[in-house]
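The values are calculated or read from the model by the stated rules, or taken from the named source; none is laboratory data. Given the structure is predicted, the values throughout are model-derived calculations rather than measurements. Positions of Cβ are backbone-derived with ideal geometry, glycine not excepted, and every protein chain shown enters the neighbour counts. In case anyone asks, the SASA skips ligands and DNA or RNA and just uses the protein heavy atoms, side chains included. Shrake-Rupley method; radii C 1.70, N 1.55, O 1.52, S 1.80 Å.
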Amino acid sequence: MSENSQNLKNIGLKATYPRLKILDLFQTTEQRHLTAEDVYRLLMNEGMDIGLATVYRVLTQFEQAGLLERHYFESGKAVFELNKGGHHDHLVCLQCGKVEEFFDPEIERRQNVVAEERGFAVKEHALYLYADCLRKDCPNRND
C-alpha cells in the first residue's frame, strides 16, 4: 500500500486509511465495475467500519483526480472502474447486467468520419451497446 500512498500524495490527496483501502479494492477485485454500494459491502465484509457517505465522497474524489471513471449503465446507477489509461467501449446485457469491455479500431475510425462529415471533431466519447447476451447461463435470459 506504500505505492498507493505515494500515488495519492502525487494527486494532492492525503493517504487516509479509507482512501488506501478503496484504491486497493479497485486494484485487486475481480469485478471491474463497482457501484458505491458494492464498494461499501466489500469493505464491510472485510470488517472495515466505514460509512456509505465516506465511500461516495472518496469515489467522487478519485473520479475528479482521474483515478476512477464513472459510467451510467442501463440501471441508471453510477458504476466506477479504475482508469488504466486505455480507451474502451462497453457491451451491457439488458437481462443480467453483465458488462463486457471491447475496443474496435474500425468503430473508432467510423465515429471520427461521421463526426467530420457533420462538421465536428471528436474530443472524447463513450459508447455503450445495450443488448441481450447469448450466454446459456444468463440468469435472466428470456427464451
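Tabulated data
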{"item": "Selection within segment 75-128 - among the aliphatic types (A, V, I, L, M) and under 29 Å from residue 55 (Cβ atoms)", "result": "78, 79, 82, 91, 92, 94, 99, 126, 127"}
{"item": "One residue from 86, 76, 66 being open to solvent by 40 Å² or more (accessible area, probe 1.4 Å) and on the phi > 0 side of the Ramachandran plot", "result": "76"}
{"item": "Options 45, 4: the member that is over 20 Å from residue 78 (Cα atoms) and at pLDDT 90 or above", "result": "45"}
{"item": "Residues of segment 8-37 satisfying the condition of being more than 17 Å from residue 50 (Cα to Cα), open to solvent by less than 60 Å² (accessible area, probe 1.4 Å), without any contact (Cβ under 8 Å) to a residue 24 or more places away in the chain and over 18 Å from the mean Cα position of the chain (by Cα)", "result": "8"}
{"item": "When residues of segment 98-134 are limited to those that are of a type outside the set (A, V, I, L, M, F, W, C) and touching a residue at least 40 places away in the same chain (Cβ under 8 Å), the one most open to solvent (accessible area, probe 1.4 Å)", "result": "130"}
{"item": "Scope segment 38-55; condition closer than 20 Å to residue 7 by Cα and either open to solvent by 30 Å² or more (accessible area, probe 1.4 Å) or of a type in the set (Gly, Ala, Ser) (or both); matching residues", "result": "54"}
{"item": "Condition met for residue 61 (open to solvent by 30 Å² or more (accessible area, probe 1.4 Å) and touching a residue at least 24 places away in the same chain (Cβ under 8 Å))", "result": "yes"}
